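What follows is one structure encoded as structure tokens, with my remarks underneath.
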Amino acid sequence: DTGVSQDPRHKITKRGQNVTFRCDPISEHNRLYWYRQTLGQGPEFLTYFQNEAQLEKSRLLSDRFSAERPKGSFSTLEIQRTEQGDSAMYLCASSPRDGTWGYTFGSGTRLTVV
Amino acid sequence: GNSVTQMEGPVTLSEEAFLTINCTYTATGYPSLFWYVQYPGEGLQLLLKATKADDKGSNKGFEATYRKETTSFHLEKGSVQVSDSAVYFCALSMISNFGNEKLTFGTGTRLTIIP
């Protein structure tokens, strides 16, 4: 297994466009997380999936944001009508079901809204 | 809510110097504590962790001790190398009823080691 994969690595979009990011977790991990990291800050939690169920969402996740994990494997994060304030690094992480700390982060998708 | 406060950067040291990066936390209950490292262009990597009071986490010459009485988890290394240059994040985690092990991070400390 090559770890957590995120695609694309970089995305530049115009304000008002929709964007979608993909995360492929480690295959045996049933828990999946999305975080957002702005410049000079630590990552902030956005949302959590256990298998295909989205169980927790941060208040940071406005109505323009939606995340899915349709078959409990890969996940997508969509941002509609992007704003300049959405420019950030979007990180995905996964962890196993067995309670050991196997939390693994992907390299992230850097979004720039112009 | 939970929060983490860590030493502002950037920090610049000479090779072989002693490193301390301070971290304190606020949490309801007893969190697990972590140090993550982020090298340029890479994702976050777990450096070390401690799950209960007085535990000492260690890895690659780095150490941190979970101090409940001072709510601290300071990162130390006796002799830094140029390859230690990175951004270091202190974080805590408390598992929710849904099994959510979400992490709460500090703002990060950029460390630069000069030869």
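Filtering segment A:8-19 to residues that are exposed (fewer than 15 other Cβ atoms within 10 Å of the Cβ) and in a strand (DSSP E or B) leaves A:His10, A:Ile12. Determine if segment B:90-97 includes at least one residue that is surrounded by fewer than 14 Cβ atoms within 10 Å (Cβ to Cβ), at pLDDT 95 or above and assigned to a strand (DSSP E or B). Taking every residue of segment B:90-97 in turn, none turns out to be surrounded by fewer than 14 Cβ atoms within 10 Å (Cβ to Cβ), at pLDDT 95 or above and assigned to a strand (DSSP E or B). Restricting B:Thr26, B:Thr12, B:Thr20 to residues that are at pLDDT 95 or above, over 16 Å from the mean Cα position of the chain (by Cα) and among the hydroxyl-bearing types (Ser, Thr, Tyr) narrows the list to B:Thr12.
In the set A:Glu56, A:Glu68, which member is out of contact with any Cys (no Cβ under 9 Å at 6 or more places or on another chain) and surrounded by fewer than 16 Cβ atoms within 10 Å (Cβ to Cβ)? Don't jump to the end; show me each part of the working.
Details: A:Glu56 fails: surrounded by fewer than 16 Cβ atoms within 10 Å (Cβ to Cβ).
That would be A:Glu68, the only listed residue that is out of contact with any Cys (no Cβ under 9 Å at 6 or more places or on another chain) and surrounded by fewer than 16 Cβ atoms within 10 Å (Cβ to Cβ).
Among all residue pairs at least 6 apart or on different chains, which show Cβ distances below 6 Å where the first residue, located in segment A:49-73, is over 18 Å from B:Ser96 (Cβ atoms) and the second is among the basic types (Lys, Arg) and surrounded by fewer than 15 Cβ atoms within 10 Å (Cβ to Cβ)? Note: pairs meeting the criteria are A:Arg64/A:Arg81.
In this structure, does B:Phe62 turn out to be crowded, with 20+ Cβ neighbours inside 10 Å, away from chain A (no Cβ under 14 Å) and either within 19 Å of A:Ser95 (Cα to Cα) or not β-branched (Val, Ile, Thr) (or both)?
Values: crowded, with 20+ Cβ neighbours inside 10 Å: yes; away from chain A (no Cβ under 14 Å): yes; either within 19 Å of A:Ser95 (Cα to Cα) or not β-branched (Val, Ile, Thr) (or both): yes.
Considered against the rule, which asks whether it is crowded, with 20+ Cβ neighbours inside 10 Å, away from chain A (no Cβ under 14 Å) and either within 19 Å of A:Ser95 (Cα to Cα) or not β-branched (Val, Ile, Thr) (or both), B:Phe62 comes out as yes.
Taking the criterion of being within 14 Å of another protein chain (Cβ to nearest Cβ) and assigned to a loop (DSSP other than H, G, I, E, B), no residue of segment B:74-89 qualifies. The residues of segment B:1-56 that are touching a Phe, Trp or Tyr at 6+ places or on another chain (Cβ under 8 Å), exposed (fewer than 14 other Cβ atoms within 10 Å of the Cβ), in a loop (DSSP other than H, G, I, E, B) and not aliphatic (A, V, I, L, M), listed by number, are B:Lys52, B:Asp54. Within segment B:102-112, being under 22 Å from A:Ser94 (Cβ atoms) and either of a type in the set (Ser, Thr, Tyr) or surrounded by fewer than 18 Cβ atoms within 10 Å (Cβ to Cβ) (or both) holds for one residue alone: B:Thr104.
The values are calculated or read from the model by the stated rules, or taken from the named source; none is laboratory data. Quantities reported herein were computed from a predicted structural model and do not represent experimental measurements. Cβ coordinates were reconstructed from backbone atoms using ideal geometry, including for glycine residues, and neighbour counts include every protein chain displayed.
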